[in-house]
Amino acid sequence: MSRPKLLFLVTEDWFLHSHFLPLVRRALAEGYECVVAARNTGALKDVDGLRLIDMPFARGSMRPWDVGRQVAQMRAIIAAENPTLVHAIALKPIALLAMARVRDVARVFAVTGRGYLAVGRAPWTALLDWRLRRLLRREMRAPRTVLLVENMADADWVAGAEPLASKHIVRIPGAGVDIDIFTPAPEPSNGPFVVGLAARLIYSKGVDIAVAAVQRLRHEGFDIVLRIAGDVDPQNPERVHEEKIAQWRCMEAVQMLGRVADINAFWAGAHIACLPSRGGEGLPRSLLEAAAAGRAIVTTDVPGCADFVVHGETGLVVEGGAVPALVDALRALATDAKSRVQMGLAGRKRVVEGFTERHASDRASDAWRLARNVS
């Protein structure tokens, strides 16, 4: 008897490797034959038991001819592979799978946040958001279809005025973290107060808000720096442009590290974590990792961030987009070492109890099983 086949659709192979490789390993352990369709950058070449189909998704393009070409390519791949189950990760693969209208296969639509569609400044983002929402609502009526979400606001976005049946929704704790590679370390004892921010350099992450807040605190006399781990995402329409990044590099209050290989060491060198997101999040992995490393968190009251950070217990949650509110929160933690330590311990406990890679893999497995059986 042949093994069931699980086809993962994801824009970039490195994104699957960095965030969702434990899901692939879980699928292999459950007996699935695993295939990934993604842009091939070589990130998965050393993963045993996994076959990759190179499919450049043109992630930054919404031109009709590009979309039509990719839908046709996806249909061809699904026809050739004849998978038991298709697991589409993030909005672009989800949209293409929905437009392909391939309904003779079980499907998991894994929404990892709405990104620039939720916070984009261009007029076309609102129209695209509306069209995608309608498309997904239609496809969720089909049998053997499950919505996998990292926060319930995204499920509500898809559902609209007509709530989806609970049997069609599974909530996953983000990508989860490998708790064993994060070791809480004592705060740095020398030098300035370090605010760590780990994120792609895109508008929605609010890096500019963090820069402004830290600059204001320095003007108040605080010895404080913002240390940023993250690269530009060149295909994202909301990317921070090089001119702005060059300005930040010239500021004494900002340290730009680029991509950081040892994220545990990055958090060990920071006093607190900060992610002043404007929205569009699923459940940011950087927050899970900071908490796993025992760091108190300052973030904003947007879905995903506010779902994870418990205000006053594991960190502080402030109004999104408001520099003064962020300044007040950073100042409060910078002057209260006892609260920082207590929040860091509570955050680590929260991750251990419900946000590890094992928890995420368990929920993905639930979604696969439901998709294969739900009517």
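Normalised by the number of residues in the range 179-354, the average gap of Cα pairs under 8 Å and 6 or more apart makes the relative contact order 25 percent. Based on C-alpha pairs under 8 angstrom that are at least 6 apart in sequence, the chain has a relative contact order of 17 percent. Any idea what angle helix 337-354 forms with the longest principal axis of the chain, computed on alpha-carbon atoms, 0 to 90 degrees, nearest 10? The two axes meet at around 10 degrees. For the range 125-223, chymotrypsin sites (Phe, Trp or Tyr not before Pro) are listed when DSSP marks them as loop and at most 11 other Cβ atoms sit within 10 Å of their Cβ; the list is empty. Counting only DSSP beta bridges with both residues in the chain, the antiparallel share comes to about 0 percent. So, in Å, what gap is there between the alpha-carbon centers of the range 8-49 and the range 255-272? Spelled out, the Cα-based centre of one part sits 26 Å from the other. Just the number, please: percent antiparallel of the DSSP beta bridges in the range 1-124, rounded to the nearest 5. Roughly 0 percent of the DSSP beta bridges within the range 1-124 come out antiparallel.
Loop-only trypsin sites (Lys or Arg not before Pro) in the range 141-240, please: DSSP not H, G, I, E or B, and at most 16 other Cβ atoms within 10 Å.
Values: sites: R141, R144, K167, R171, R200, K205, R216, R218, R227, R239; in loops: R141, R144, R200.
Loop-located and lightly packed - R141.
Of the residues A346, A246, V310, the one whose Cα sits farthest towards the positive end of the charge dipole of the range 179-354 is A346 (charges of +1 on Lys and Arg Cβ, -1 on Asp and Glu Cβ, taken about the Cα centre).
Pulled fully out, how much extra length does the chain show between A122 and H241, if you take 0.36 nm times their separation in residues and subtract their Cα-Cα distance? Working shown, then result.
Details: separation 119, 0.36 × 119 = 42.84 nm, distance 1.57 nm.
Between A122 and H241, full extension yields an extra 41.3 nm.
A Cβ-based charge dipole, computed about the Cα centre of the range 179-354 with Lys and Arg at +1 and Asp and Glu at -1, lands at about 180 debye. If the Kirkwood radius is taken over C-alpha pairs of the range 150-301, then at 37 °C and 0.692 mPa s the Stokes-Einstein diffusion coefficient equals 195 µm²/s.
The D180 and K338 beta-carbon pair, evaluated with R₀ = 30 Å, returns a calculated FRET efficiency of approximately 0.60.
Taking the range 127-171 and a reference point 7 angstrom along Cα→Cβ of S375, the backbone N atoms nearer than 17 Å belong to 141-146, 165-169.
Take the residue pairs K244/K338; K5/K205; K167/K349; K45/K244; K45/K205; K45/K167 and return only those whose Cα atoms are more than 32 Å apart. Provide the component values of the computation, followed by the final result.
Details: K244/K338 36 Å; K5/K205 36 Å; K167/K349 29 Å; K45/K244 35 Å; K45/K205 30 Å; K45/K167 36 Å.
Violating the 32 Å Cα-Cα cut-off are K244/K338; K5/K205; K45/K244; K45/K167.
The angle separating the long axis of helix 64-81 from the principal Cα axis of greatest extent in the chain is about 60 degrees.
To the nearest 20 debye, what charge dipole does the chain have about its Cα centre, counting +1 at the Cβ of each Lys and Arg and -1 at the Cβ of each Asp and Glu? Please report the intermediate quantities before stating the final value.
Values: 48 positive and 41 negative charges, 259 e Å.
My answer is approximately 1240 debye.
Within the range 179-354, what percent of beta bridges assigned by DSSP are antiparallel, to the nearest 5? Bridges in the range 179-354 that DSSP calls antiparallel: roughly 5 percent. Farthest towards the positive end of the charge dipole of the chain, among the residues I78, A325, I209, is the Cα of I78, using unit charges on the Cβ of Lys, Arg, Asp and Glu. Taking the square roots of 5 times each eigenvalue of the Cα gyration tensor of the range 270-341, largest first, gives ellipsoid semi-axes of 17, 15, 9 Å. Karplus-based coupling profile of the range 292-297, in residue order and whole Hz: 4, 7, x, 10, 5, 10, with θ = phi - 60° in 6.51 cos²θ - 1.76 cosθ + 1.60 and x standing for Gly or Pro. Principal-axis analysis of the Cα atoms of the chain puts helix 123-139 at an angle of about 50° to the longest axis.
With the charge dipole of the range 15-132 set up from +1 on Lys and Arg Cβ and -1 on Asp and Glu Cβ about the Cα centre, the Cα lying farthest toward the positive end among the listed residues W124, M99, P22 is that of W124.
No lab work stands behind these numbers, since they all come straight from the coordinates. Predicted model only: the values in this text are computed from it and were never measured. Note: ideal-geometry Cβ built from the backbone for every residue, glycine included; neighbour counts use all protein chains shown.
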